[in-house]
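The values are calculated or read from the model by the stated rules, or taken from the named source; none is laboratory data. The structure presented is a predicted model; accordingly, all values stated were derived computationally and were not measured. Cβ placement follows ideal geometry from the backbone for every residue including glycine, while neighbour counts extend to all protein chains displayed. Side chains are part of the model used for accessible areas, which takes the heavy atoms of the whole protein and leaves out ligands, DNA and RNA. Shrake-Rupley method; radii C 1.70, N 1.55, O 1.52, S 1.80 Å.
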Amino acid sequence: MALGVVVILGMAGLYAPRVLAQPLQIPEVNLQIGGQAEGPEGVSQALQILALLTVLSLAPAILIMVTSFTRIIVVLAFVRSALATQQMPPNQVLVGLALFLTFFVMAPTWRDINREALQPYLQGKITQEQAFTRGMAPLRSFMFKQTREKDLALFVKMADLKRPRTRADVPNYVLIPSFVISELKTAFQIGFVIFVPFLVIDMVVSSALMSMGMLMLPPMMISLPFKILLFVLVDGWNLVVRSLIMSFG
């Protein structure tokens with residue numbers, strides 16, 4: 001081990017001067033606030049920058065509201081609650097898994113947005129308004145596919161809108177909350193199915209302890225190893241993730 005440490009330090013000493021000899025290029029960033037906007041164009045640019053900063057600050061909420069993240073994170077939280085393992089897996093692990101599953105589920109939608117909106121806009125072929133319209137089309141198609149008509153009708157009625165004839169007649173401020181509550185309902189349905197087998201284990205363990213007169217022993221302490229064993233034997237994470245992904249089909 002000592003020889004290995006010496007070799008590593010020697011190699012670091014050989015390569016360090018070469019790395020340090022090359023200057024580190026740091027781009028210069030200038031932020032200037034002040035002065036007065038010259039004409040309508042200056043005001044328009046200032047408003048565009050303000051709108052961009054607002055969108056960036058709301059990016060996490062947008063990611064949650066218009067993608068599959070809501071359903072996935074709720075179901076994963078149900079799995080942890082059903083296992084009764086307190087904070088295992090940790091919140092960071094569940095959120096990270098939910099994010100990558102979201103990227104996997106939304107990959108076809110992102111590809112369509114990149115091909116139809118982002119790349120043409122970066123190449124200067126379309127305007128910002130056209131890029132936004134084209135980019136929202138695949139996202140709206142995904143949300144419509146996962147939204148129940150009952151939930152959509154609820155928000156259309158509450159918004160006091162005429163009955164839409166086509167999907168284009170449904171505005172985003174009506175579609176997004178309809179999509180969110182539909183996702184929550186689907187997630188709770190999946191969570192109920194996940195809870196049932198673990199509830200059966202708790203009932204069996206509680207009945208066994210009561211029949212043996214062991215009333216002072218917490219049933220959760222005894223049932224926890226059996227629930228973890230059942231989850232591992234049936235390859236629970238594989239089943240949960242596969243069911244989640246197939247539910248978006």
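For the reader, a short list of remarks on this structure follows.
- Elements of the type helices (runs of 4 or more DSSP H) sitting completely within the stretch 63-132 and holding at least 3 residues that are under 18 Å from W237 (Cα atoms): these cover 69-83, 91-113.
- Residue check for K150: surrounded by 11 or more Cβ atoms within 10 Å (Cβ to Cβ), of a type in the set (K, R) and in contact (Cβ under 8 Å) with a residue 60 or more places away in the chain: no
- Filtered by the rule that a residue be in contact with an Asp or Glu (Cβ under 8 Å, 6 or more places away or on another chain) and open to solvent by 40 Å² or more (accessible area, probe 1.4 Å), the stretch 164-182 gives a lone residue, I181.
- Lone unmet requirement of (1) within 30 Å of V156 (Cα to Cα); (2) at pLDDT below 80; (3) buried (at least 17 other Cβ atoms within 10 Å of the Cβ) for I190: (2)
- Listed here are the helices (runs of 4 or more DSSP H) enclosed by the stretch 143-242 that have at least 2 residues being in contact with a Leu (Cβ under 9 Å, 6 or more places away or on another chain), closer than 29 Å to P89 by Cβ and of a type in the set (A, V, I, L, M, F, W, C): 172-211, 219-233.
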